[in-house]
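Visitor: Let me give you the structure first, and then I'll get to my questions.
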Number of protein chains: 2
Amino acid sequence: MAWDTDTTKRKLLEAGVRQFAAAGFAGARMETIGADAGVNKERIYRYFGDKRAFFGAVLEHELTALLDQIVFKGSGPESIAGFMTQLLDRCEERPELSRLLVWESLELDEPVALESRKLGCESKVCGVQSALPNLDQTKAEQLLFSLIALAVGWCELRHLASSIMSTPMSLDEQRATIIEHARALASTNSPSHC
Amino acid sequence: MAWDTDTTKRKLLEAGVRQFAAAGFAGARMETIGADAGVNKERIYRYFGDKRAFFGAVLEHELTALLDQIVFKGSGPESIAGFMTQLLDRCEERPELSRLLVWESLELDEPVALESRKLGCESKVCGVQSALPNLDQTKAEQLLFSLIALAVGWCELRHLASSIMSTPMSLDEQRATIIEHARALASTNSPSHC
DNA sequence: ATAAATTGCAACTGTTTGGTTGGGATTTGC
DNA sequence: GCAAATCCCAACCAAACAGTTGCAATTTAT
């Protein structure tokens, strides 16, 4: 059977996403990543360098595309609510994403692929501004950050949630709440706000 | 010189806070914790059990007191803003706290000291309710969680912040923004909301 | 006073880990 | 069609790691 090095690399990156998301950089095991990918771990070193470089490759591969599929539709606070809805969709279909985002800030000294991500974020900031035109760029950036922090927090601070909630929430209740809070953040600075 | 086992234990717990906050459970080294405390690591095993048990002891020691010093004053959205101000104060004077909170959710299967923390959180939920009396308990819990998620997110998602912000923010600007957003979350459900 | 128990440490152990190597299978360049 | 390069893996290595032990110093109980 022919070699398929691209598939091998892709399988390793996918296994890396799973393992690093689950255990973080320090907790993940190169052996396990190889096994998860169905490939010998030596391949990782040949293709990506050492553990740290591979971690960076995995993060870059995932995080640069985090916001790309999200578009702002309509205008006003409802547009922000729509953004949050899409963001939560992405967190549900790919739960590794938000975990990787947290691991990155906790375990790395420097952000990964800063410049390309800045570009992607910049376009989302514009989206926020076109939804709420009376926000200046700084305010729009701050709002975008709070929105993502809210989504990531609700997804990843699970033990804090169990300490606070007297009753476990269903996924749908969670979504509704987060979207409602996103609307609240947007409303304060919207033109229709009294 | 006389033995001072209580001081030894306290030094170990303090070193544990520093090291676990910095590196997480998987990343922290028992040797390093001992050295940080100025004590042989064997003391950890004698006093606290194995690494996991020590991690639990450290988390319990820190996290149970997280919200205890915070009190709700006044009423309405301003009371919520005051809560956030105190929360940010605590995050600044003890930056390890919010990191430990995140590590806990990422690295532990079960929350630490769940029952005692539930008690502390319950009283904060009451605080939220007395500030915003038209919230039922569930809504108050959700608001409290979003507030903490916001604070923790702004403190710990630092690489996300550098991707979004075109210009680095000063600590004071950050505080003002977060408190403003807290007010926004509170205002939507306040009686004075139009 | 002195035996029992506790504190603290340096040195040690068995295992796990990141990373490498040697060699056989497969493809590519000429 | 064959030599060089590439792909892949099992086995290997040295360093790092969690956890232990033996022993001397100190305290406590009687």
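Visitor: Does A:V125 satisfy being among the hydrophobic types (A, V, I, L, M, F, W, C) and either open to solvent by less than 40 Å² (accessible area, probe 1.4 Å) or assigned by TED's automatic domain parsing to the domain that holds A:A53 (or both)?
Guide: yes
Visitor: A follow-up question, please. Got at least one residue in the range B:108-120 being of a type in the set (S, T, N, Q) and either open to solvent by 70 Å² or more (accessible area, probe 1.4 Å) or more than 9 Å from chain A (Cβ to nearest Cβ) (or both)?
Guide: Yes, some residue in the range B:108-120 is of a type in the set (S, T, N, Q) and either open to solvent by 70 Å² or more (accessible area, probe 1.4 Å) or more than 9 Å from chain A (Cβ to nearest Cβ) (or both).
Visitor: Go through (1) among the small types (G, A, S); (2) out of contact with any helix residue (DSSP H, G or I) (no Cβ under 9 Å at 6 or more places or on another chain); (3) more than 9 Å from DNA strand C (Cβ to nearest atom) for A:A2 and report which single condition fails.
Guide: (3)
Visitor: Quick one: which residue in A:R52, A:R18 is among the basic types (K, R), outside the structural domain of A:A182 (by TED's automatic domain parsing) and within 16 Å of DNA strand D (Cβ to nearest atom)? Steps first, please.
Guide: Details: A:R18 fails: within 16 Å of DNA strand D (Cβ to nearest atom).
Of the residues listed, the single one that is among the basic types (K, R), outside the structural domain of A:A182 (by TED's automatic domain parsing) and within 16 Å of DNA strand D (Cβ to nearest atom) is A:R52.
Visitor: Output the number of the condition that B:I148 fails; it satisfies all remaining conditions of (1) over 30 Å from B:A28 (Cβ atoms); (2) of a type in the set (A, V, I, L, M, F, W, C); (3) facing chain A (nearest Cβ under 8 Å); (4) touching a residue at least 24 places away in the same chain (Cβ under 8 Å).
Guide: Result: B:I148 passes all but (1).
The values are calculated or read from the model by the stated rules, or taken from the named source; none is laboratory data. Keep in mind that what you see is a predicted model, and the values were worked out from it rather than measured. Heads up, the Cβs are rebuilt from the backbone with ideal geometry, glycines too, and the neighbour counts pull from every protein chain shown. In case anyone asks, the SASA skips ligands and DNA or RNA and just uses the protein heavy atoms, side chains included. Shrake-Rupley method; radii C 1.70, N 1.55, O 1.52, S 1.80 Å.
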